[in-house]
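The values are calculated or read from the model by the stated rules, or taken from the named source; none is laboratory data. Model, not experiment: these values are computed from the prediction. Cβ coordinates were reconstructed from backbone atoms using ideal geometry, including for glycine residues, and neighbour counts include every protein chain displayed.
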Amino acid sequence: MATSEVHLLPYSLMEINVSGIVYLVGAGPGDPELITLKALRLIRTCDALVHDALIPLDIIKEAGPKCEVYDVGKRAGCKSFEQANINSLLLDLSKKGKNVVRLKGGDPFVFSRGGEEVAFLEKNNIDIEIVPGVTSGIAAPSYFGIPLSHRDGASSITFVTGHEQIDKKETMVNWQKLAKSTDSFVIYMGIKNIQSIVNELIAGGMDSNTLCAVIQEATLRNQKCLTTKLSNLVDTINEKNFQPPSIIIIGKIVGFQVKNYITKLSNVNLPSSLNKN
Ligand SMILES: C[S@@+](CC[C@H](N)C(=O)[O-])C[C@H]1O[C@@H](n2cnc3c(N)ncnc32)[C@H](O)[C@@H]1O
């Protein structure tokens, strides 16, 4: 098999000599204090900011007065921008010599199409830097005291999208197989399909008494979390009206929950009625 070696460019040289860089940046899960210093510096200094929906205004407001700001996220009742249009916008801005921050919620490489955008830009010879962010699948359990692993019996964790239609012809996620092969799940975008996900997990042999947690708007003013058993998960989500954006955790780790009383909660809200995945 062929091997390949990757060398990073000397960073400072690149920043001085090259314009038209696209920075693919993670904004973290919501609370502006959870953004990285690097992300903040780039947002404050970029010429153009192209951002997704789940980014609180407090973060967008950090852009400089001359920065061009493009909101390519979803709008209530409207479709999000086509991916091809976002790619063209990034290419265009970069070719004009602008330094661009492409800002995505959480981490840009976790269920965010970050890989697609970078591949497109690389094909077009655009210089790119990728800046990781705190993904919601890690922040949400932390804020409610659920450790992602535990030496006493939670050694594996699977990050998985619940957005796929289970009855679609070629599903990528085999829930029945996963039911027996991991200690715990962190499910992104799972609210809409939760009934079929639970059915599949139980059909795959998961105990209906398995503990679960559902966490909405983690790290933000309106965050909420409930824990229950797998057999009650769908009713809990419906009765308590959990909405996207929510993370659902299923498995052993929920049993290791500790209290986390003193985390300072952000006062920030998500922009209203945006993400309906
Ligand atoms: C398109 S995915 C983007 C994930 C993002 N790249 C990340 O790393 O967190 C959107 C999903 O992330 C989850 N999510 C994002 N922010 C969240 C938050 N503050 N609280 C709970 N879930 C969140 C929800 O499952 C939401 O439907």
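Brief remarks follow.
- Unmet requirement for H163, which otherwise passes all of (1) surrounded by fewer than 17 Cβ atoms within 10 Å (Cβ to Cβ); (2) at pLDDT 95 or above; (3) not in a helix (DSSP H, G or I): (2)
- Answer residue from segment 136-155, given it is within 16 Å of the ligand (Cβ to nearest atom) and assigned to a loop (DSSP other than H, G, I, E, B) and is surrounded by the most Cβ atoms within 10 Å (Cβ to Cβ) among those: I146
- Boolean, G133 is of a type in the set (G, A, S), surrounded by 21 or more Cβ atoms within 10 Å (Cβ to Cβ) and either within 16 Å of the ligand (Cβ to nearest atom) or in a helix (DSSP H, G or I) (or both): yes
- Some residue of segment 209-216 being in a loop (DSSP other than H, G, I, E, B) and either in the same structural domain as D31 (by TED's automatic domain parsing) or farther than 30 Å from L57 by Cβ (or both): yes
- Residues of segment 27-51 that turn out to be farther than 19 Å from I126 by Cβ, surrounded by 22 or more Cβ atoms within 10 Å (Cβ to Cβ) and not aliphatic (A, V, I, L, M), as a count: 4
- Of everything listed in (1) without any contact (Cβ under 8 Å) to a residue 24 or more places away in the chain; (2) in contact with a helix residue (DSSP H, G or I) (Cβ under 8 Å, 6 or more places away or on another chain), the single unmet condition for L103 is (1).
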